[in-house]
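K.L.:
This structure is in C-alpha cells; I'll ask about it shortly.
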Amino acid sequence: MISPGQDMTRGLVEQLIKAARSRPARAEQSEAMDFPFDRPHRCTRGPRARLDEFAGQIADCAGQKARQMLQTPVDFLPAAWEQHYGGALRQTSGENLCHVVAISVEGGDDVVGMIGLSAATATQWLAKLLGGCGPVEADDDEARELSDLERDLLLDIAAGFVEALRTAAGNFGGTAFQAARKLGAWPDALGAEDAAEYCLLKLAPEQSGQGGLAILLTGPTAALLAGEPAPRASRATGRAAMRAHVDQMPVEARAMLSASLSVREVMALAPGDVVVLNQPIDEPIDLEVDGRLVLRGHPARQAGQFAIQFAEFCSEKKVVGNRE
C-alpha cells in the first residue's frame, strides 16, 4: 500500500513489477464453437457406436446380396451415419438419389425408411443384369425414363438390399423390414414433415467403377436399432388410446317400463305370462345407462324384434320418483 506522500522510488517500482509477474497467468479463454442446429442430434455416444457396428453388418450383408444378384465381386464400405431433417433432405439432391423404394416394418404400412440408388448406379447395374444389352451411360446423374423390365429389375435389386438390411437388423435383434413394390423418384418420395428426423447411411464400393447405394431410416427407427428405448407416447396419444379403450367398455342400459306388481305376483311370474303396463303404448320410454337418464323414445319393431326408436336426448339426471 503506497501512501499519497510516498515517492515512487526505483526500488519500489521494481518490487511492483516483480509482484505483477509472479501472479498466476489467466487461463486462456476457449474458443466458442458453433452448434449445428440444422442437424438433429438424437443418439448419444453409446448408441452411435452401436449404429456404426450396425452399419458394418449392413455393408457385409449388402455385399453378399450384391454378389448374388450381379454375379460379380462387390464389397461395400460404410460411411459414418449422417443425421438430417426432412426439409433439408428435400432441398438438397438427396445424396444424388434418383430411384428410391420405401421400406416398412413387416406386416405394417408405415414407411420407416428408403433404399436409394443414383441414376449412374441404376444404369450400371441394369447393364450388368441385362448382359451388356442395356444402357452404358454409367456416369449420367440424371434419371431417365425406364422400361417396365428395367423398373422390375430395380425393384428386385432394392428388395434384395432390403433383405440384406433385414438380415443385419436380425443380427442386432431388430425388427424385420420389407420393401414396397413401387419405384419412386427423389424428392417426391420423401413425403415426411420438414422436422422429421432421418439417419442416412451411404455404402460405397471398394472396387472402383462400381455403383453404391444409400439407406435412409427415420430417426426413431435408427434409435431403436441403436438400443435406445421406444419413446413414450405423448399425452394426446395416450388420451386417444384411453378413449378408444373406454369406448369399448360395456355398460348396462335399461329401458324403463312402468308396471305395478305385488311381491306375490312377481314371484309367480313364468314364461309366457303377460304384464299389463301402467302407461299407454304410445307413451315415451326412458333409457337409463348406469342409473342416469340418457335417451327417451317410443316403442317400435325392428326385424321382428321389439325395439325403441329414440326421439330425445336427455342431459339432466333423473330425479328419483319422477320421470323428469
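K.L.:
Among the residues of the range 58-88, write down those that are in contact with a helix residue (DSSP H, G or I) (Cβ under 6 Å, 6 or more places away or on another chain) and charged (D, E, K, R).
P.N.:
Answer for the range 58-88, where residues must be in contact with a helix residue (DSSP H, G or I) (Cβ under 6 Å, 6 or more places away or on another chain) and charged (D, E, K, R): 65, 75.
K.L.:
For residue 189, all conditions in the list (1) surrounded by fewer than 18 Cβ atoms within 10 Å (Cβ to Cβ); (2) of a type outside the set (Lys, Arg); (3) under 21 Å from residue 40 (Cβ atoms) hold save one; what is the number of the exception?
P.N.:
It is condition (1) that residue 189 fails.
K.L.:
Report every pair of residues separated by at least 6 positions or lying on different chains whose Cβ atoms are under 7 Å apart, first residue within the range 276-297 and small (Gly, Ala, Ser) and at pLDDT 80 or above, second surrounded by fewer than 16 Cβ atoms within 10 Å (Cβ to Cβ) and not in a loop (DSSP other than H, G, I, E, B).
P.N.:
297/309; 297/310; 297/311
K.L.:
Write out, first by first residue and then by second, each pair whose Cβ atoms fall under 8 Å of each other, whose residues are 6+ apart or on separate chains, and whose first residue, in the range 98-125, is among the charged types (D, E, K, R) while the second is assigned to a strand (DSSP E or B).
P.N.:
If the second residue must be assigned to a strand (DSSP E or B), the pairs left are 106/177; 106/178; 110/104.
The values are calculated or read from the model by the stated rules, or taken from the named source; none is laboratory data. The model shown is predicted, which means the values in this text are computed figures rather than measured ones. For neighbour counting, all protein chains shown are included, and Cβ atoms are generated from backbone atoms with ideal geometry for every residue, glycine included.
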